[in-house]
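Before any comments, here is the structure.
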């Protein structure tokens, strides 16, 4: 019986998972039937919107993590996807949430009944070369993601200093001495490197630690078009406790802005692709502690309001 191969893409928030998948979809898998499963902590999947135009099938799993509180959604979602009119697929790419435990996801995929339909082909972990060492000390999931990888993609490599590269490589090798390391910038990598780099390593340590307690998520709604300059100034004042901010807003020019903040790095650009009008006008914020202080940052913008994702209960 044919089992659809799954590529599991993991990596901490802002490492470049969505960028990697988008590049592979547009450059390498053209003509193939590839389904994408996107797991996002927030109640709205911004990343899924970025890939909607290129996927043969798309499954959005939002409001938690498939390794713990929304496992059933993964099971039933994959079943529906494989029985949909878009099936069969050459492969499925599963983008895990940024704080997921890949070992637990692998257990789910390799257990009945999913192991009758799909085969976990390989796990690719994307590492942010510049931030990796500083982040891993505080967030246990980062080492777990590297530990289970069959391939490690060290992203933002060209932007890092030689010392930063060396310490990041050492940190990676501390927990995974076998997986091939591929250095890249903006996830520019050829599909052949990922296909030929390594087969799936079986019988990895599957100890499950679960996502860290304390992660918070909220949505910030902007019902009115935004001044791009004022938005950028406000976003530079956001607290360090905010790990990720992303979404689509309408600018005063009438065009749609794609907005992302990863650590202290800010990206605001006009969006030329397709986006669901229902998700335009909101940013999803993810942080390791209370996000209440975001209110004061955006309070000068008219009619802005915040809504906390009370369903985000991770264990």
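Scan the stretch 269-285 and give yes if some residue there is exposed (fewer than 12 other Cβ atoms within 10 Å of the Cβ) and in a strand (DSSP E or B), otherwise no. Checking the stretch 269-285: at least one residue is exposed (fewer than 12 other Cβ atoms within 10 Å of the Cβ) and in a strand (DSSP E or B). What number of residues in the stretch 75-106 are surrounded by fewer than 14 Cβ atoms within 10 Å (Cβ to Cβ) and under 20 Å from the mean Cα position of the chain (by Cα)? Of the residues in that region, 0 qualify.
Residue by residue, here is whether (1) over 19 Å from the mean Cα position of the chain (by Cα); (2) modelled with pLDDT of 95 or more; (3) closer than 26 Å to residue 286 by Cβ; (4) not assigned by TED's automatic domain parsing to the domain that holds residue 103 holds:
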| residue | (1), (2), (3), (4) |
| --- | --- |
| 125 | no, yes, yes, no |
| 131 | no, no, yes, no |
| 141 | no, no, yes, no |
| 153 | no, yes, yes, no |
| 180 | yes, no, no, no |
| 186 | no, no, yes, no |
| 207 | yes, no, yes, yes |
| 220 | yes, no, yes, yes |
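Residue count for the stretch 115-132, restricted to those that are part of a helix (DSSP H, G or I) and surrounded by fewer than 20 Cβ atoms within 10 Å (Cβ to Cβ): 2.
If you scan the stretch 240-268, which residues turn out to be under 11 Å from residue 286 (Cβ atoms) and crowded, with 17+ Cβ neighbours inside 10 Å? 242, 243, 244, 245, 246, 261, 262 - these are the residues of the stretch 240-268 that are under 11 Å from residue 286 (Cβ atoms) and crowded, with 17+ Cβ neighbours inside 10 Å. Each residue in the stretch 66-90 was checked for being touching a strand residue (DSSP E or B) at 6+ places or on another chain (Cβ under 7 Å) and under 30 Å from residue 243 (Cβ atoms), and 7 pass. The conditions of being in a strand (DSSP E or B), at pLDDT 85 or above and either in contact with a strand residue (DSSP E or B) (Cβ under 9 Å, 6 or more places away or on another chain) or in the same structural domain as residue 12 (by TED's automatic domain parsing) (or both) are not met by residue 244. Just one residue in the set 141, 145 is within 17 Å of residue 9 (Cβ to Cβ) and in contact with a strand residue (DSSP E or B) (Cβ under 6 Å, 6 or more places away or on another chain); that residue is 145. Here are 82, 8, 24, 61: which of them is in contact with a helix residue (DSSP H, G or I) (Cβ under 8 Å, 6 or more places away or on another chain) and at pLDDT 90 or above? Matching residue, one of 82, 8, 24, 61: 8.
The values are calculated or read from the model by the stated rules, or taken from the named source; none is laboratory data. The structure presented is a predicted model; accordingly, all values stated were derived computationally and were not measured. In this analysis, Cβ positions are derived from the backbone assuming ideal geometry, glycine residues included, and neighbour counts consider all displayed protein chains.
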